[in-house]
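Quick note: the coordinates plus some simple rules give every number you see, no bench work behind them. This structure is a prediction, so every number in the text was calculated from the model and none was measured. Every residue, glycine among them, receives a Cβ derived from its backbone with ideal geometry; neighbour counts consider all protein chains shown.
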Amino acid sequence: MAKNVDNPAGVPAPPPGRYAHVNSVDVGDSTLLFLSGQCSVDDDLNVVAPHDVRGQSERIFEITTAILAAHGATWADVVNIRTYMTDLGKRAEYGEVRRRYLLADQLPTSTTVEVSALFLAEAVIEVEVMAVVTRRAGER
């Protein structure tokens, strides 16, 4: 079982040598996608919408959508979502954004936890997902 590491074009590149945006693993007729936690950053890795949960959530979901699309996936393929927030009192703001992306009849499993800090000082939320993409006959 081979794993494939990828940093798709069109999303802010991670710092060199630190991590990959996605690891994909082919399993039978499906591909498992394990996405790194995403923070709200621009192409220079500066925080977008500092200390703003709603603004950061918007950017995180944009980035994650692009990473999923680069691997033939959508939010309908997401089976697990993990969210790290520095203030759970702001989860309603995050939830407003999240509901626009997740399908009510195909909700993933979910964990949301409060943490004291994230690796970027102005970041207040980080989201990571796992998705399963079923390949069509003849795809590899």
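Key figures
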item: Local net charge near ILE81, Cβ-Cβ under 11 Å (Lys/Arg +1, Asp/Glu -1); result: +1
item: Relative contact order of the chain, defined on C-alpha pairs under 8 angstrom at six or more residues apart (%); result: 30
item: Rounded tilt (10° steps) of 53-70 against the dominant C-alpha axis of the chain; result: 10
item: Residue order, fewest to most beta carbons within 10 Å, for LEU88, LEU118; result: LEU88, LEU118
